[in-house]
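Visitor: I have a structure I would like to understand better, so I am pasting it below and will then ask my questions one at a time.
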Amino acid sequence: MTKKFRIAGMTCAACAAKIERTQSRLKGMNSATVNLATEVLTADFDEKTLSEKEIIAAIEKAGFSIAKEEKKERSLKDTLRTRLIISLIFVIPLLYISMGHMMGLPLPEIVSPHENPLNFALIQLILTVPVIITGYKFYIVGFRNLIHLSPNMDSLIAVGTASAFGYGIYAALKIHGGDESYAMSLYFESAAVILTLITVGKYLEAVSKGKSSDAIRRLVELTPKTAIVLRNGRELEVRRDSIVVGDIVLAKPGESFAVDGEIIEGVTSADESMLTGESVPVEKGISDKVFGASVNKTGFVKYRAEKVGSDTALAQIIKLVEDAQGSKAPIARMADKISLYFVPTVISLAVLSAVAWYIAGEDFSFCINIFISVMVIACPCSLGLATPTAIMVATGKGAEKGILIKGGEPLETAHKITTVVFDKTGTLTEGNPVVTNMITYGAEKREEILALAATAEKGSEHPLAKAIVSMAEKLGLEVKSPDSFEALVGFGVKAVIDGKEVLVGSERMIIENNIPFERFDEQAHEISESGKTPMYVVEDKKIKAVIAVMDTVKVSAKAAVKQLHEMGIETIMLTGDNRNAAQAIAEEVGIDTVLAEVLPENKASEIEKLCNSGKIVAMVGDGINDAPALACASVGIAIGSGTDVAMESADIVLMHSNIEDVITAIRLSKATIRNIKQNLFWAFCYNSLGIPIAMGILHIFGGPLLNPMIGAAAMSFSSVSVVSNALRLRKFR
């Protein structure tokens, strides 16, 4: 039995991993997968051995709960935004009061640290409390993970800010007791600033997550809500979800197909770009398949419903997007790894050192001072800033260059990419067919034949027709209006120009009209082999020329592939296009491997195969059909000129539609990871080196205890150095 459970309380990949680990230990559990993006546990279990109550009990034992579906709550994004605004309202005056006097800024005498130190401490306490309250979830999650022996970044935040806040209260009590020297040893602003900065990161992450659901919503909106079906000889308008297999459905020109089916009457051309990514409409006739949400461009057809509801191609794509978005292996964050050992070690050392000094005969006040000093000097302010600061600077720099990176995870993953998979149409190519060459037969000039073809095609909306008209206009040829025009759906066009019948279209049109074309057979075959589409131009039953139309390669494509090869990265083309066209483009660009004629629903599985083989895969695409593959890849990269769904399913969006930006994104990732490692190293060193001094090592040899001002300076310097190092990313080229 397979069942889904919505879980409340997860904040990071460690939470999801813990639930999976806990569930996998249950007897009767076959598999347990947590989708962090949708906060859903999918459990496959033997209901004879394991009950739902036991599964829920295990979830709760791990420190989480089942979310109530009916409870209407504000979105996480709105909650975090409110929390951030409240934090900023109190943090700004707090920073001015606590740090302003150090920079010579004026302070009212009533809160001056020299004139009224107790007021100075109390006003900081009052300003800090609201920030602590708004960030209460950090403490719930952080301390819960500590209790369950699985500390993460929230644990660092909770321990660090609680230590700083606790020491601040201790200092305020000492001031109240008459020791005014503690006015220079308050750490309230540290607690408030850490919470505020982390809230900024959480808010940006929530904004990015919200776009995932928008992508799925857009997919659903592609299909029409109603359709006309033929039942008992009558035409009835019914809801899409009322259509059953076997129903005869009618589709007029301009309408979208409601479900997947097979044409039983009529011919048309269908825009399947939402499924295949290909810009050229596909000619459809009797026995041909149509897909729900694709657009019936030209003809009136009847089709028999074959797949409805969750079985349609679009529904399968939606499911793949939903599943793939949360199925990626979570990145092991370096700060979380450090916190796994660092936090419990620090707490243990603080307790042990305080107890040791008490046993050695020191008074309780001395021991409390030792305990809090260890906690404060080890306060992971710089550790907390190390990763998010670098990521914020890097994502901002990426945005300047037209590279939108949706959070830290894709930015972290991109530096490990070993394979880049490209979609063809609209990614490696421009996405707009153009005339590349023309083979003529007879005495007429090429310009005259092109003008003739353009005049015949003038009334057509077909992309191939537009390519011919565009070329004629570009060459300054006269494109007249034909005497008469008729679109031959599935074949081409027929027009009368100056009293002569002109046909422009496919080989199928030539055969249908019994026009001999053997003399052009070899040339047309060569055109097809090179990945181009041959368009025959016929005047009065005689072939005048064959025009080759092709989607041209982007100027940046070859250079991008070359740079990837220089970086040691493998390149693959993944397309639904025919193998000839795909191979021709691949050879021109320099792609290593071609995976052609891949159905939309199979693209994600091809990416999954590559990932399962141990490769770190980036998928670059622009169509809705690419959405599942983009979500399934280690890093999904969407071209900015593509569909909204593709862009919102991706981890990185290239707004300039220049695929050389793929290289820029990878290099930015490498620079960021290098920067983060430097930050974590120095942050860890600052904290670690100060701990022995805080424990009283110097005091053993007759030296002083750690001066709180030294601790404050060390903390400040570590934070400043980390932020300064992160800001170096602004110079990235």
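The values are calculated or read from the model by the stated rules, or taken from the named source; none is laboratory data. Computed from a predicted structure; not experimentally measured. Here Cβ is always computed from backbone atoms with ideal geometry, including for glycine, and neighbour counts include all displayed protein chains. All accessible areas refer to the heavy atoms of the entire protein, side chains included, with ligands and DNA or RNA removed. Shrake-Rupley method; radii C 1.70, N 1.55, O 1.52, S 1.80 Å.
Visitor: Filter region 670-682 down to the residues that are surrounded by fewer than 24 Cβ atoms within 10 Å (Cβ to Cβ), touching a residue at least 40 places away in the same chain (Cβ under 8 Å) and either over 13 Å from Val393 (Cβ atoms) or not small (Gly, Ala, Ser) (or both) and list them by number.
Guide: Here is the first cut: in region 670-682, the ones surrounded by fewer than 24 Cβ atoms within 10 Å (Cβ to Cβ) are 670-671, 673-674, 677-678, 680-682.
With touching a residue at least 40 places away in the same chain (Cβ under 8 Å) added as a condition, the list becomes 670-671, 673, 677-678, 680, 682.
Listed by number, the residues that qualify are Lys670, Ile673, Lys677, Gln678, Leu680, Trp682.
Visitor: Still on this structure: Any residue at all in region 549-566 that is charged (D, E, K, R) and free of Cβ contacts under 8 Å to residues at least 24 places away in the same chain? Spell out how you get there, then give the answer.
Guide: To start, the set of residues in region 549-566 that are charged (D, E, K, R) comprises 551, 554, 558, 562, 566.
With free of Cβ contacts under 8 Å to residues at least 24 places away in the same chain added as a condition, the list becomes 566.
The answer is yes, given that some residue of region 549-566 is charged (D, E, K, R) and free of Cβ contacts under 8 Å to residues at least 24 places away in the same chain.
Visitor: Related question: Look at Ile417 and say whether it is more than 30 Å from Asn675 (Cα to Cα) and among the β-branched types (Val, Ile, Thr).
Guide: Numbers: more than 30 Å from Asn675 (Cα to Cα): no; among the β-branched types (Val, Ile, Thr): yes.
In short, no.
Visitor: For region 507-518, how many residues are farther than 20 Å from Pro281 by Cα and open to solvent by less than 70 Å² (accessible area, probe 1.4 Å)?
Guide: Number of matching residues: 3.
Visitor: If His101 satisfies every condition in (1) in contact (Cβ under 8 Å) with a residue 12 or more places away in the chain; (2) under 27 Å from Ile347 (Cβ atoms); (3) out of contact with any Gly (no Cβ under 7 Å at 6 or more places or on another chain) but one, which is the exception?
Guide: (2)
Visitor: Within region 519-590, considering only strands (runs of 3 or more DSSP E) that don't extend past its boundaries, which have at least 1 residues that are modelled with pLDDT under 85 and open to solvent by less than 40 Å² (accessible area, probe 1.4 Å)?
Guide: On the way: elements: 533-539, 542-553, 570-574.
Per the criteria, 533-539, 542-553.
Visitor: Where the second residue is among the polar types (S, T, N, Q) and modelled with pLDDT of 90 or more and the first is within 12 Å of Leu452 (Cβ to Cβ) and lies in region 468-481, which pairs have Cβ atoms under 6 Å and are six or more apart or on separate chains?
Guide: Qualifying pairs under 6 Å: Val479/Thr455; Lys480/Thr455.
Visitor: When the residues of region 53-78 are narrowed to those that are surrounded by 14 or more Cβ atoms within 10 Å (Cβ to Cβ) and at pLDDT 80 or above, which ends up nearest to Leu146 (Cα to Cα)? Explain how you work it out, then say what you get.
Guide: So the first thing to find is which residues in region 53-78 are surrounded by 14 or more Cβ atoms within 10 Å (Cβ to Cβ), and the list is 54-56, 58-59, 62-64, 66-67, 76-77.
From what's left, at pLDDT 80 or above: 54-56, 58-59, 62, 64, 66.
Numbers: Glu54: 24, Ile55: 23, Ile56: 22, Ala58: 18, Ile59: 17, Ala62: 12, Phe64: 14, Ile66: 21 Å.
Among them, the one singled out is Ala62.
Visitor: Which count do you get for residues in region 177-196 that are over 41 Å from the mean Cα position of the chain (by Cα), part of a loop (DSSP other than H, G, I, E, B) and not small (Gly, Ala, Ser)?
Guide: In the first step, residues of region 177-196 are kept if they are over 41 Å from the mean Cα position of the chain (by Cα); the result is 177-186.
Applying the additional criterion that residues be part of a loop (DSSP other than H, G, I, E, B) yields 177-179, 185-186.
Checking the rest, the ones that are also not small (Gly, Ala, Ser) come to 179, 186.
Of the residues in region 177-196, 2 are over 41 Å from the mean Cα position of the chain (by Cα), part of a loop (DSSP other than H, G, I, E, B) and not small (Gly, Ala, Ser).
Visitor: Does region 108-136 hold any residues that are open to solvent by 40 Å² or more (accessible area, probe 1.4 Å) and assigned to a loop (DSSP other than H, G, I, E, B), and which are they?
Guide: Pro108, His114, Glu115, Asn116
Visitor: Next up: Select from region 396-428 the residues that are of a type in the set (Asp, Glu) and either open to solvent by less than 10 Å² (accessible area, probe 1.4 Å) or over 12 Å from the mean Cα position of the chain (by Cα) (or both) and list them in ascending order.
Guide: Within region 396-428, the subset of a type in the set (Asp, Glu) is 400, 409, 412, 423.
Matches in region 396-428: Glu400, Glu412, Asp423.
Visitor: If I ask for residues that are without any contact (Cβ under 8 Å) to a residue 40 or more places away in the chain and either of a type in the set (Lys, Arg) or touching a helix residue (DSSP H, G or I) at 6+ places or on another chain (Cβ under 7 Å) (or both), which ones from region 526-535 would you list?
Guide: Pro534
Visitor: Same structure again: Please tell me if Lys302 is open to solvent by 40 Å² or more (accessible area, probe 1.4 Å), of a type outside the set (Phe, Trp, Tyr) and at pLDDT 85 or above. Outline the logic, then answer.
Guide: Working: open to solvent by 40 Å² or more (accessible area, probe 1.4 Å): yes; of a type outside the set (Phe, Trp, Tyr): yes; at pLDDT 85 or above: yes.
Answer is yes for this residue.
Visitor: Right, here's the next one. Check Val504 against each of (1) more than 30 Å from Ala629 (Cβ to Cβ); (2) within 37 Å of the chain's Cα centre (by Cα); (3) not polar (S, T, N, Q) and name the one condition it does not meet.
Guide: Condition (2) is where Val504 drops out.
Visitor: Since Val645 meets every condition but one in (1) modelled with pLDDT of 85 or more; (2) in a helix (DSSP H, G or I), which condition does it not meet?
Guide: Of everything listed in (1) modelled with pLDDT of 85 or more; (2) in a helix (DSSP H, G or I), Val645 misses just condition (1).
Visitor: Ok, one more. Output yes when any residue across region 439-449 is farther than 22 Å from Gly590 by Cα and within 40 Å of the chain's Cα centre (by Cα), and no when none is. Before you say what the answer is, go through the steps one by one.
Guide: Kept after step one, since they are farther than 22 Å from Gly590 by Cα, are these residues of region 439-449: 439-449.
From what is left, the residues that are within 40 Å of the chain's Cα centre (by Cα) are none.
No, region 439-449 contains no residue that is farther than 22 Å from Gly590 by Cα and within 40 Å of the chain's Cα centre (by Cα).
Visitor: Looking only at region 243-274, count how many residues are hydrophobic (A, V, I, L, M, F, W, C), within 34 Å of the chain's Cα centre (by Cα) and more than 13 Å from Thr223 (Cα to Cα).
Guide: Step one: filter region 243-274 for residues hydrophobic (A, V, I, L, M, F, W, C), giving 243-245, 248-251, 257-259, 263-264, 267, 270, 274.
From what is left, the residues that are within 34 Å of the chain's Cα centre (by Cα) are 257-259, 270, 274.
When the remaining residues are screened for being more than 13 Å from Thr223 (Cα to Cα), the result is 270.
Total satisfying the criteria: 1.
Visitor: If you go through region 164-185, how many residues are at pLDDT below 80 and open to solvent by less than 60 Å² (accessible area, probe 1.4 Å)?
Guide: Quick first cut of region 164-185, residues at pLDDT below 80 only: 164, 184-185.
Checking the rest, the ones that are also open to solvent by less than 60 Å² (accessible area, probe 1.4 Å) come to 164, 185.
Total satisfying the criteria: 2.
Visitor: Of all residues in region 599-631, which are among the hydrophobic types (A, V, I, L, M, F, W, C) and open to solvent by less than 20 Å² (accessible area, probe 1.4 Å)?
Guide: We begin by selecting, within region 599-631, every residue among the hydrophobic types (A, V, I, L, M, F, W, C); these are 599, 604, 607, 610-611, 616-620, 624, 627, 629-631.
Ala604, Ile607, Val617, Ala618, Met619, Val620, Ile624, Ala627, Ala629, Leu630, Ala631, listed by residue number.
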